[in-house]
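Here the structure is laid out as structure tokens; the discussion comes afterwards.
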């Protein structure tokens with residue numbers, strides 16, 4: 001397997017190099033504690049107020065930035081501070097203080113902008129990382145209703161968030177959802193506002209990519225937040241699945257742009273509840289003018305509404321009447337010998353997921369859940385659990401200690417260490433990862449196989465994709481493209497995978 005260039009790696013699990021923040025360091029009357037996380041612009045640390053009140057401190061270290069970036073950071077901090085003063089709401093994280101650190105004795109801190117905020121328990125991104133694809137996360141509808149309330153309040157008081165995404169939605173210790181990170185939040189001037197040309201590629205609307213940045217930034221509108229809400233709703237209600245196909249954020253953004261041009265349909269996942277489809281499809285309207293007319297609060301209220309008491313009573317009365325009729329008919333059947341009326345249909349087990357691993361297969365039980373999750377995270381229909389299982393069987397016979405030292409390939413998915421490192425960065429859990437750990441190896445394999453499938457489709461292949469993906473996993477997508485199909489040298493291996501796939505019912 002030749003290495004391919006994945007998305008930019010997620011933030012590190014350690015403070016940025018050069019940031020010297022001693023435990024107990026005082027900032028705006030708060031004392032900092034342990035490191036919580038890092039992003040593109042800074043790091044977040046736990047803190048406590050004078051009375052022990054928990055807080056979080058975001059450090060935007062000036063020493064790490066160019067002069068232009070420092071101006072952007074200062075603008076973002078001012079926006080966050082101003083917004084927090086003007087738009088207080090129970091579903092918006094409060095910024096408690098914004099200060100510039102002046103401390104020449106700590107060069108990594110001197111000149112840094114520090115924002116003190118409410119401290120949350122975790123982010124929605126953390127929740128989605130742990131989610132099972134195809135299954136709504138616990139409390140999904142409540143979370144969406146709370147996010148909608150916060151977002152609607154922002155729009156009503158004249159602000160646009162500009163960077164709504166799972167990482168910027170925080171869950172408090174009691175589970176309450178609050179929107180956070182207002183660095184790109186901008187105040188409306190009529191129909192739009194201006195913000196730096198920044199954002200998360202797979203949560204910004206299609207028109208974002210065609211806008212030109214002027215001296216004041218790019219124009220942002222509430223319709224951009226509506227689009228992001230639609231993406232997040234789909235993710236929460238389907239266990240993290242994105243509504244647009246793509247193994248990387250950039251690929252998903254390209255799929256969204258193709259949809260907006262009318263070159264591809266919107267394909268929501270079958271796991272999305274029916275009552276939420278109108279919410280998601282309306283929020284993801286291809287033209288911003290359509291989204292601008294959306295009453296998000298009304299949409300979400302309809303999706304989360306429960307039957308009125310009177311309606312429930314009528315349903316119960318109707319059920320009672322039906323039961324009485326059935327009882328009379330049953331009695332008549334006993335006395336006349338007439339056939340019994342058909343009762344309620346028997347409960348049927350839900351249909352097996354597309355490409356699910358058969359219960360009687362030889363796939364080890366310990367790995368089935370890992371394989372199912374890795375496959376379900378890919379939106380491409382060819383990347384099924386049975387395809388990954390067939391590939392793993394051909395690669396290693398499901399042996400986590402398999403090794404081919406002559407080619408430098410190891411573990412259940414036969415990764416070469418360098419290629420694994422590239423694709424493990426997109427894995428679903430933080431921290432160190434190993435190609436010898438079956439969970440890590442299978443997770444990374446799902447990402448890589450999904451990406452290969454998409455690359456081959458972009459190259460024009462539409463048939464025999466399981467075989468072509470298998471060949472690309474053994475060689476590369478470029479090798480398969482150059483050969484116009486399965487290269488002869490890997491054909492025996494591909495045929496072996498296809499036999500296993502057939503055995504598994506794929």
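Values quoted throughout were computed directly from the atomic coordinates according to the rules given, and no laboratory measurement underlies them. Because the structure is predicted, anything quoted here is derived from the model rather than measured. For neighbour counting, all protein chains shown are included, and Cβ atoms are generated from backbone atoms with ideal geometry for every residue, glycine included.
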- Message: Modelling each spin label as a point 7 Å along the Cα-to-Cβ direction, I'd like the residue 434/residue 293 distance in nm, to one decimal.
- Response: 5.9
- So how far, in whole Å, is the C-alpha centre of the stretch 464-482 from the one of the stretch 360-399? 18
- Query: How much length is gained if the chain between residue 301 and residue 122 is pulled fully straight, taking 0.36 nm per residue apart and subtracting their Cα-Cα distance, in nm to one decimal?
  - Reply: 61.9 nm
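Residue 249 to residue 200: extension gain in nm, 0.36 nm per residue of separation minus the Cα-Cα distance?
16.8 nm
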- Note on the structure: Taking a crude spin-label model, label points 7 Å out from Cα along the C-beta direction, the residue 403 to residue 31 distance in nm is 5.0
- Item | Residue exposure sequence - 182, 398 - by fewest surrounding Cβ within 10 Å | 398, 182
- Could you order peptides 123-129, 42-48 by the average number of other Cβ atoms within 10 Å of their residues, highest first? 42-48, 123-129
- Query: Separation between the residue 267 and residue 176 pseudo-spin-labels, each 7 Å from Cα along Cα→Cβ, expressed in nm?
  - Reply: 4.1
- Message: Applying a 10 Å radius around every beta-carbon, put 220-229, 240-249 in order of their mean neighbour count, most first.
- Response: 220-229, 240-249
- Which of rounded, prolate, oblate describes the stretch 365-503, given a ≥ b ≥ c as roots of the alpha-carbon gyration tensor eigenvalues and a/c under 1.5 marking rounded, otherwise prolate only if a/b is larger than b/c? rounded
- Hey, can you rank 469-477, 167-175, 153-161 by average C-beta count inside 10 Å, highest first? 469-477, 153-161, 167-175
- Tell me, what is the FRET efficiency for residue 459 and residue 106 to the nearest 0.05, using R0 = 51 angstrom and their Cβ-Cβ distance as r? 0.45
- Kindly state, to the nearest 0.05, the FRET efficiency for residue 489 paired with residue 366, given R0 = 35 Å and r defined as their beta-carbon distance. 0.60
- Note on the structure: Least to most buried among 259, 448, by other C-beta atoms within 10 Å and fewest first, runs 259, 448
- Message: At 0.36 nm per residue, and after removing the present C-alpha to C-alpha distance, how many nm does the segment from residue 258 to residue 48 gain when stretched out fully?
- Response: 70.8 nm
